[in-house]
Amino acid sequence: MPVLRTKGFMKEHSRVRKIAFVGDHLPRKCGIATFTSDLLAAVASAHPLSQCFCVSVNDIKGGYEYPEVVRFEIEEQDLSSYQRAADFLNISNVDIVCLQHEFGIFGGPAGGHILALLRELRMPVITTLHTVLRGPKADQRRVMQELISLSTRVVTMTERGRQMLEEIYHAPPAKIDLIPHGIPDVGFVDPTYFKDQFGVEGRVVLLTFGLLSPNKGIEYVLNALPSILAEFPDVVYIVLGATHPNELRHHGEAYRLSLELLAKKNKIEKSVIFYNQFVDLENLKEFIGAADLYITPYLNEAQITSGTLAYTFGAGKAIVSTPYWHAAELLAEDRGVLVPFADATSIAQEVIGLLRDDTRRHFMRKNAYRIGREMIWSNVAQQYMRTFELSRLEGEPLSRKSLATKTLDQKPRELPELKLSHICGMTDSTGVFQHAVFSVPNFSEGYCTDDNARAFILAVMLGELGEESECLLGMANTCAGFLYHAFDLKTKRFHNHMSFDRRWLDEQGSEDCQGRALWALGVGVGRSSSRNFQMMAGQLFALALPAFTEFTSPRAWAFGLIGIHEYLRRLSGDSVVNQTREILSTRLMELFETHARPDWRWFEDELSYDNAKLAHALILSGRATGQQAVFERGLDALRWLTELQMSEKGHFRPIGSNGFYRRGGTRANFDQQPIEAHATVSACLEAYRATSDAWWYEQAQRAFDWFIGWNDLGLELYSPETGGCRDGLHVDRVNGNQGAESTLACLLSLAEMRLAQNMLTSFRAPIAVGV
């Protein structure tokens, strides 16, 4: 068994007086919460002179009814709450932070928000890694490598984990400690002692426990049971555990119900018991005690640690398991039995073999129990305390980190709070209303596909930010339904304008409308987490795409290219879509070559509306296809436009809609429209992601600041109370109406800025924004 490879420190000599455990905590229902709670309690018990408390992460609004030991709460998707937690830990004079890391419990790209907390800490950090990925994505690798860098020491629970940290993430070997997963201290008892509590006295008990989700593989045990029961009719299979909260949130009890139906189909209902509850430790020990065999039929090999496996192994149970990484290591050398993944026949054979061979089964039990003594929480707590002491000595220079506060140019710009009350009030069961009289929906103007497409894109983006509300889900469903209804199967085009009484007012929408609709569908395919949206959007995308090669509008091409880029995030092998991208990007390139001059770096002889989208489309397409000329042309055009739209005082001044700006003519400075600011924000952020040139981020921030008052009139357009946005700047005043186009342009800009800021803060120190 893996053990900590450091010399011991006597607990009476410990100078670690205050320890903060950062992770999840009970009563949240997840494995990390259980582990954090148990580890904290074990360390506090073993070292009563050390004050231990928890900083817990909430995945739901309002959090949980935590015990007093939880002193501070982090909102999973709120980046600023991680920074506040760092302030709290620094102010609290904590000696050691013990972080429990799992990608899925923290917000941001690949859970990167936690890095914003770690960067600000002035004390040593010990990070326990509950997941070590063999094939990480680029953002997961970046997060893991910086996590290792920011940690004084890292703890892994298996030898394989240690090897992967060194080989894949290049962690210094001397920085890694091996400490096994802790387990409760239980006696080695006959299972018969506990069986009458559960009404299974006289029966052979097979047990699987843990939060239920489809990757658990329970169905393969249910398919193995008929063969097992044929030889051992007294067998009963207990499946203990509530459905995982994430599974319950997205799919309800569908998986559990499918298992119950399978048991009925296999005619084994009398031999299967589902306990749909999250049991406390004392009850769990009794369930484990009643088991004759424990089965973990998990389907994912890349599981570096399993608390349920550790618990049952340490309690002295004979185990049949699939060979996920923790099981393959812990059950080697006949300490258990390994079976192939998703193989009901092998499960049946091995269970039957162990039930036939009492001698072998009891040898496994005794061997597991003996080895498990090293894993009981009191021993694990001592090993963690040794790591804490070693980290304190190694990390003492951190405690002298400067307390100087940051000047404004060193801090990430705080963005206004995102409010949805106005756009939700602009939405009914049909769709989003086009216009408003001040903040009141104007029913007489009806609806349009343009705005419902924008609203659907916003809903998906906010989903990426972790925003959840009935309003948001309802808006996403309504707008998706509007898009579906707007598509005419006969003409293969979208309608645009609909009256309040749900009559289409046009034969088909403009080419630009077709482009915005395709953009929304691409987002639905490539970025939505909803399988229903992916399927609906994908089918509609395939029907709408062929028309784009017939269009003549450059903006329709640009919107189409942006939609194609989003679609190909998920379905990159679609040859027809790739071919269409090549055709449309070539047309934009040819258009630029026709119209551009040394003093006019643009695609047309006039700058009109949604201008930055043309350059944005080339930046995306050129970067994705590796066509440097296309990419550079997009950057060239966007830089020219951005500099043209900068006022002499340094703020963003979009091309006005009262005349636009024709080459050789007089530029219109008013009316200034929110869609121009959004198009510029979006394009400049894409340029920043593509080049890592901070100048582009500054231009995106400059364009966004137009909404909040840094503009020609010095007036706010965004309402922080409702999330509404005024319809534009006139030469002498703000247009007081808050229509859908303007509001959505502002909300989309804010969502994109938040996504970009999350990535910046997660993966590196914030850039200075001196605009």
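The values are calculated or read from the model by the stated rules, or taken from the named source; none is laboratory data. Only a predicted model underlies this, so the values are computations on that prediction, with no experimental measurement involved. When we count neighbours, we look across all protein chains shown, and the Cβ atoms used for this are built from the backbone with ideal geometry, even at glycine. Ligands, DNA and RNA are stripped out before the accessible areas are found, and what is left, the full protein with its side chains, is counted by its heavy atoms. Shrake-Rupley method; radii C 1.70, N 1.55, O 1.52, S 1.80 Å.
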Checking SER749 against (1) open to solvent by 40 Å² or more (accessible area, probe 1.4 Å); (2) among the small types (Gly, Ala, Ser); (3) assigned to a helix (DSSP H, G or I): exactly one of these is not met. Which one? (1)
Here are the criteria: (1) open to solvent by less than 30 Å² (accessible area, probe 1.4 Å); (2) within 30 Å of ARG134 (Cβ to Cβ). Tell me which single one ALA291 does not satisfy. (2)
Odd one out for SER80, checked against (1) closer than 21 Å to ARG122 by Cβ; (2) modelled with pLDDT of 95 or more: (2)
Being under 34 Å from the mean Cα position of the chain (by Cα), aromatic (Phe, Trp, Tyr), surrounded by 19 or more Cβ atoms within 10 Å (Cβ to Cβ) and under 29 Å from ALA33 (Cβ atoms) narrows it down to one of TYR237, TYR255, so name that one. TYR255
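Only one of these is under 30 Å from HIS25 (Cβ atoms), at pLDDT below 90 and part of a helix (DSSP H, G or I): LEU248, LEU259. Name it.
LEU248
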Could you pull out every one of the helices (runs of 4 or more DSSP H) wholly within segment 613-709 that has 3 or more residues that are in contact (Cβ under 8 Å) with a residue 24 or more places away in the chain, among the hydrophobic types (A, V, I, L, M, F, W, C) and closer than 23 Å to PHE592 by Cβ? 628-644, 674-691
Within segment 170-195, count every residue that is over 18 Å from LEU331 (Cα atoms) and in a loop (DSSP other than H, G, I, E, B). 11
When restricted to PRO226, PRO214, the only residue surrounded by fewer than 20 Cβ atoms within 10 Å (Cβ to Cβ) and either in contact with a His (Cβ under 7 Å, 6 or more places away or on another chain) or modelled with pLDDT of 95 or more (or both) is PRO226
Only residues that are open to solvent by less than 10 Å² (accessible area, probe 1.4 Å), β-branched (Val, Ile, Thr) and not in a helix (DSSP H, G or I): list them for segment 119-169, please. VAL125, ILE126, THR127, THR128, VAL132, VAL154, VAL155, THR156, THR158
Subset of segment 423-443 [assigned to a helix (DSSP H, G or I) and surrounded by 22 or more Cβ atoms within 10 Å (Cβ to Cβ)]: ILE423
Can you tell me which residue among HIS485, HIS497, HIS565 is touching an Asp or Glu at 6+ places or on another chain (Cβ under 6 Å) and either touching a residue at least 12 places away in the same chain (Cβ under 8 Å) or more than 28 Å from GLU417 (Cα to Cα) (or both)? HIS497
List pairs: first in segment 201-230 and free of Cβ contacts under 8 Å to residues at least 40 places away in the same chain, second not basic (Lys, Arg), Cβ under 6 Å, 6+ apart or cross-chain? ARG203/ASP234; ARG203/VAL236
Report, ordered by the first and then the second residue, all pairs with beta carbons closer than 6 Å, sequence separation of six or more or different chains, a first member in segment 262-285 that is free of Cβ contacts under 8 Å to residues at least 24 places away in the same chain, and a second member that is assigned to a helix (DSSP H, G or I). GLU269/ALA263
Does GLY656 qualify as being open to solvent by less than 20 Å² (accessible area, probe 1.4 Å) and either closer than 30 Å to SER572 by Cα or not β-branched (Val, Ile, Thr) (or both)? yes
All positions within segment 196-209 that are out of contact with any Phe, Trp or Tyr (no Cβ under 8 Å at 6 or more places or on another chain), open to solvent by 20 Å² or more (accessible area, probe 1.4 Å) and not in a helix (DSSP H, G or I): GLY199, GLU201, GLY202, ARG203
